[in-house]
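Peer 1: Structure provided below as structure tokens; questions to follow.
The values are calculated or read from the model by the stated rules, or taken from the named source; none is laboratory data. As the structure is a prediction and not an experimental result, all values here were calculated from the model. Please note: Cβ atoms are built from the backbone with ideal geometry, for glycine as well, and neighbour counts cover all protein chains shown. The accessibility values were calculated without ligands, DNA or RNA, using every heavy atom of the protein model including side chains. Shrake-Rupley method; radii C 1.70, N 1.55, O 1.52, S 1.80 Å.
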There are 2 protein chains.
Amino acid sequence: MKNIISNINKAFDHRVRLGIMSVLMVNEYADFKTLKELLGVTDGNIASHTKALEKQKYIKVEKSFIDRKPNTRYLATQNGRKAFQAHLDALEKLLNKDINIDNTDK
Amino acid sequence: MKNIISNINKAFDHRVRLGIMSVLMVNEYADFKTLKELLGVTDGNIASHTKALEKQKYIKVEKSFIDRKPNTRYLATQNGRKAFQAHLDALEKLLNKDINIDNTDK
DNA sequence: TAAAGTACTTTGAAAAACAAAGTAAATGTA
DNA sequence: TACATTTACTTTGTTTTTCAAAGTACTTTA
């Protein structure tokens, strides 16, 4: 490992995306409105963060009509689950690691 | 609590700042070069991320000359330590929380 | 004393984040 | 049955952040 943050996934750096993934790890799916309410962010925000995760193939989108209204569901992909778990492991390692600097010559 | 990410600190959202704080939590101080090497990022990057943390008063900077060369040390403030620990607690809560959505009507 | 190295800082472009406005269909109101 | 409102998103454009390249001010080496 080159540096102490090399295994931290840039795609999950943002708290909104962290929140989205957390929700999708424990629920089979969540729809647009649910994510929006759980995370307390604006529509455009959910849209762009989900789009970013979708682009990485960490989540997938299913569009349908429920009660004649459009409904967008987000689901974590198998790949996304793996990547997120790896990210959490990397985070834990970073935080628990002894990063002891030799400052004796300073 | 309004939403599931409300206690996650925006200032620590970025992996570089997460790394800087992790280092400064367990070491009394770290200098510019050390941080740069530990994190594997460019000079300008370290500069801007430390500046951001400094602006929030989460770290402080001490400038001196060592062996006639300029040396910049970064230290976590008491406030910074508290905020970072709170952030970690919030992260842990988010990840361990049962965010179970009632999807029965969907 | 000229060239190279060290330790940063500044700058400007590129990317990301964000909220406001837009769209389109459904529903409520008079 | 029109018209306004709500729902469920998407699009747009501005602001903010990130980032690396270039710049500065020395110090060291040849």
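Peer 1: Can we say A:ASN100 is part of a strand (DSSP E or B) and within 9 Å of chain B (Cβ to nearest Cβ)? Steps first, please.
Peer 2: Numbers: part of a strand (DSSP E or B): no; within 9 Å of chain B (Cβ to nearest Cβ): yes.
So A:ASN100 fails the test.
Peer 1: Determine, yes or no, whether A:TYR74 is among the aromatic types (Phe, Trp, Tyr), at the interface with another protein chain (Cβ under 10 Å from one of its Cβ atoms) and within 16 Å of the chain's Cα centre (by Cα). So that I can check it myself, show each step before the final result.
Peer 2: Values: among the aromatic types (Phe, Trp, Tyr): yes; at the interface with another protein chain (Cβ under 10 Å from one of its Cβ atoms): no; within 16 Å of the chain's Cα centre (by Cα): yes.
Taking the combined requirement at face value, the residue does not satisfy it.
Peer 1: Between a residue in segment A:15-30 that is over 19 Å from B:ASN9 (Cβ atoms) and more than 7 Å from every other protein chain (Cβ to nearest Cβ) and any residue that is open to solvent by 10 Å² or more (accessible area, probe 1.4 Å) and assigned to a helix (DSSP H, G or I), which pairs come within a Cβ distance under 7 Å, given they are 6 or more apart or on different chains?
Peer 2: The qualifying pairs are A:MET25/A:ARG81.
Peer 1: Mind checking which residues of segment B:48-68 are within 9 Å of DNA strand C (Cβ to nearest atom), open to solvent by less than 100 Å² (accessible area, probe 1.4 Å), of a type outside the set (A, V, I, L, M) and more than 14 Å from chain A (Cβ to nearest Cβ)?
Peer 2: B:SER48, B:THR50
Peer 1: Continuing with the same structure: Inspect segment B:54-68 for any residue being part of a loop (DSSP other than H, G, I, E, B), modelled with pLDDT of 90 or more and of a type in the set (Phe, Trp, Tyr) and give the result as yes or no.
Peer 2: Filtering segment B:54-68 down to residues part of a loop (DSSP other than H, G, I, E, B) leaves B:56-58, B:67-68.
Narrowing further to those that are modelled with pLDDT of 90 or more: B:56-58.
Going one step further and asking which of them are of a type in the set (Phe, Trp, Tyr), we end up with B:58.
Yes - at least one qualifying residue is present in segment B:54-68.
Peer 1: Taking A:ILE66, is it over 11 Å from the mean Cα position of the chain (by Cα), of a type outside the set (D, E, K, R) and closer than 13 Å to A:GLY19 by Cα? Let's see the steps before the verdict.
Peer 2: Details: over 11 Å from the mean Cα position of the chain (by Cα): yes; of a type outside the set (D, E, K, R): yes; closer than 13 Å to A:GLY19 by Cα: no.
Against the criterion (over 11 Å from the mean Cα position of the chain (by Cα), of a type outside the set (D, E, K, R) and closer than 13 Å to A:GLY19 by Cα), A:ILE66 does not qualify.
Peer 1: What tally of residues in segment B:1-47 results from selecting those that are more than 13 Å from DNA strand C (Cβ to nearest atom) and acidic (Asp, Glu)?
Peer 2: Counting residues in segment B:1-47 that are more than 13 Å from DNA strand C (Cβ to nearest atom) and acidic (Asp, Glu) gives 1.
Peer 1: Test each condition in (1) closer than 15 Å to B:HIS87 by Cβ; (2) part of a helix (DSSP H, G or I) for B:ILE8 and report the one that comes out false.
Peer 2: Failing condition for B:ILE8: (2).
Peer 1: For the condition more than 13 Å from DNA strand D (Cβ to nearest atom) and either under 17 Å from B:LEU94 (Cα atoms) or surrounded by fewer than 16 Cβ atoms within 10 Å (Cβ to Cβ) (or both), what is the one hit in A:ASN79, A:ASN45, A:ASN3, A:ASN71? Please lay out each step first, then the result.
Peer 2: Details: A:ASN45 fails: more than 13 Å from DNA strand D (Cβ to nearest atom); A:ASN3 fails: more than 13 Å from DNA strand D (Cβ to nearest atom); A:ASN71 fails: more than 13 Å from DNA strand D (Cβ to nearest atom).
Going through A:ASN79, A:ASN45, A:ASN3, A:ASN71 in turn, just one is more than 13 Å from DNA strand D (Cβ to nearest atom) and either under 17 Å from B:LEU94 (Cα atoms) or surrounded by fewer than 16 Cβ atoms within 10 Å (Cβ to Cβ) (or both): A:ASN79.
Peer 1: Anything in segment B:15-42 that is within 13 Å of DNA strand D (Cβ to nearest atom) and outside any helix (DSSP H, G or I)? List them, or say none.
Peer 2: B:GLY40, B:VAL41, B:THR42
Peer 1: Answer yes or no as to whether B:THR50 is in contact (Cβ under 8 Å) with a residue 24 or more places away in the chain and either touching a helix residue (DSSP H, G or I) at 6+ places or on another chain (Cβ under 7 Å) or not in a strand (DSSP E or B) (or both).
Peer 2: Values: in contact (Cβ under 8 Å) with a residue 24 or more places away in the chain: yes; either touching a helix residue (DSSP H, G or I) at 6+ places or on another chain (Cβ under 7 Å) or not in a strand (DSSP E or B) (or both): yes.
Against the criterion (in contact (Cβ under 8 Å) with a residue 24 or more places away in the chain and either touching a helix residue (DSSP H, G or I) at 6+ places or on another chain (Cβ under 7 Å) or not in a strand (DSSP E or B) (or both)), B:THR50 qualifies.
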